[in-house]
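Bear in mind that the values in this text are calculations on the coordinates, not laboratory data. Quick caveat: nothing in here was measured; it's all calculated off a predicted structure. Cβ: placed from backbone, ideal geometry, glycine included. Neighbour counts: every protein chain shown.
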Ligand code: ADP
Ligand code: ASP
Ligand code: MG
């Protein structure tokens, strides 16, 4: 049995958290490859080291004195080192980082130091070999990720090591220039390591007991999901459930390696198992609920639009030409509505409206902004009748006006559009009807 274990920022924010992590790793011999993030928030309102590094580097680029900012970062690490009683110093590393910031080594390099330094502490604490991700995670010259070379480099390097610590979030181009994934990218690094070593399981340790049915910041004490398929997870992640980076599932999914989301602060909890497929029914009709705020809807009305060949294509072309991506497109007989992200749309609003007028001469265009989309996701919905009806009645009961409802053809999800101010209450109402009343 071989496991890859990734620990998120809050799991490694202090010496105390490191000790919990140490216990978790030592408890199971098969936890052989460790992928740490940078130290995250120790308490609400605290700043993540990654954000401190971005800020410090921005000062360096502007030619300001950044000594104090870098010292603050050094202090964060020193507190961890002292709290763990390690005879280990990062002084030389900080000298190098200071030089590299002065010669403007790049924003990605700056951010990557968060994971790099935490990885070094972790390796010293566990007495395990440190493998610099810059040597084994490869990006192409144009900055895109190279999965093939990465897999070769990682498997070759790790095949010779019984155990190792590989920092998350970054890699490098062939010439050594450091490149990071997008924010939260240590999840991807963990997945790449799991693929390269043919792990039996990829454990992703965070600060919640698995993937919860609803965002814990909206629904207090939300129950967690025991088992979820990759497809369901993708729907929920896409709609804003941000427990795991969206791109983290691709490498392991291909290789059939399950992911287990676990809680560093409650290691006795089983967490959530993410698998390709399962015959295990979820406890409720739905598996999870997720939502995102900040959409705008453009409703185009034209009598007989359905018999006008090419109508939809012409409308869609306008959005494509203006570089705005479309999120959803519910339609009626004489209307079609396009949901887009408000921020990208707003800049180009007038141009898009005029282009639509020119392209299809509609009778009327209506705009509505400040909308939220909520996805109710579940493999069990296919075999259960009346799910949409229950969604409507739950929302009506909570006095929430449904702006749109759209069922994916796979019957894996139903998307509901509501006004921004109803967003949180809508999620709570849906949670209540499907989970608390166990319908
Ligand atoms: P890490 O630093 O360990 O990578 P993240 O902050 O990236 O952790 O992800 C965990 C956080 O995701 C939780 O603390 C929680 O606030 C948030 N979250 C959003 N939606 C959900 C959900 N459906 N289930 C669990 N956590 C969620
Ligand atoms: N430390 C990085 C971030 O804050 C990467 C990660 O935590 O996964 O985004
Ligand atoms: Mg994360």
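Points worth noting:
- FRET efficiency for the pair residue 163 and residue 437, taken as 1/(1 + (r/R0)^6) with r the Cβ-Cβ distance and R0 = 51 Å, rounds to 0.60.
- Largest-first principal axis extents, alpha carbons of region 55-106, Å: 37, 16, 15
- One decimal place: the segment residue 420-residue 361 gains 18.2 nm when fully extended, by the rule 0.36 nm per residue minus the C-alpha distance.
- Relative contact order, percent, the chain [alpha-carbon distance under 8 Å, six or more residues apart]: 13 percent
- Rounded to the nearest 10 degrees, the inclination of helix 342-360 to the longest alpha-carbon principal axis of the chain is 40 degrees.
- For the chain, the convex hull drawn through the C-alpha positions has a volume of 169 cubic angstrom per residue.
- With respect to the chain, whose longest principal axis is taken over its alpha-carbon atoms, helix 91-102 is tilted by about 50°.
- Springs between Cα atoms under 10 Å define the GNM used for the chain, and in it the highest mean-square fluctuation of 75, 173, 223 occurs at 75.
- 4 °C / 1.567 mPa s Stokes-Einstein diffusion coefficient of region 140-200, Kirkwood radius on C-alpha pairs, µm²/s: 107 µm²/s
- Cα-based shape type of region 223-282, given that a ≥ b ≥ c are square roots of the gyration tensor eigenvalues and the cut on a/c is 1.5: rounded
- FRET efficiency, 1/(1 + (r/R0)^6) with R0 45 Å, evaluated for residue 276 and residue 141 via beta carbons: 0.85
- Candidates 96, 229, 206: whichever shows maximal mean-square fluctuation once the chain is modelled as a Gaussian network with Cα springs under 10 Å: 96
- Relative to the longest principal axis of the Cα atoms of the chain, the long axis of helix 147-159 lies at roughly 30 degrees.
- When you restrict to C-alpha pairs under 8 Å that are six or more residues apart and normalise by the size of region 1-117, the relative contact order lands at 29 percent.
- Region 167-323: relative contact order as a whole-number percent, Cα under 8 Å and 6+ apart: 24 percent
- Largest GNM mean-square fluctuation across 131, 243, 402, computed for the chain with C-alpha springs under 10 Å, falls on 402.
- DSSP bridge orientation in region 114-273 - percent antiparallel, rounded to nearest 5: 45 percent
- Prolate/oblate/rounded label for region 169-308 (Cα gyration tensor, a/c 1.5): oblate
- Rounded to 0.05, the FRET efficiency of the residue 92 and residue 183 pair, given R0 = 22 Å and the Cβ-Cβ distance, is 0.20.
- Note on region 200-308: antiparallel DSSP beta bridges, both residues inside, total approximately 35 percent of the bridges counted.
- Per residue, the chain reaches -12000 deg cm²/dmol at 222 nm when only DSSP H runs of four or more residues are counted, each adding -39500 (n - 2.57).
- Cα gyration tensor category, rounded, prolate or oblate, for region 108-151 with a/c compared to 1.5: oblate
- Beta bridges assigned by DSSP with both partners in the chain are antiparallel in approximately 65 percent of cases.
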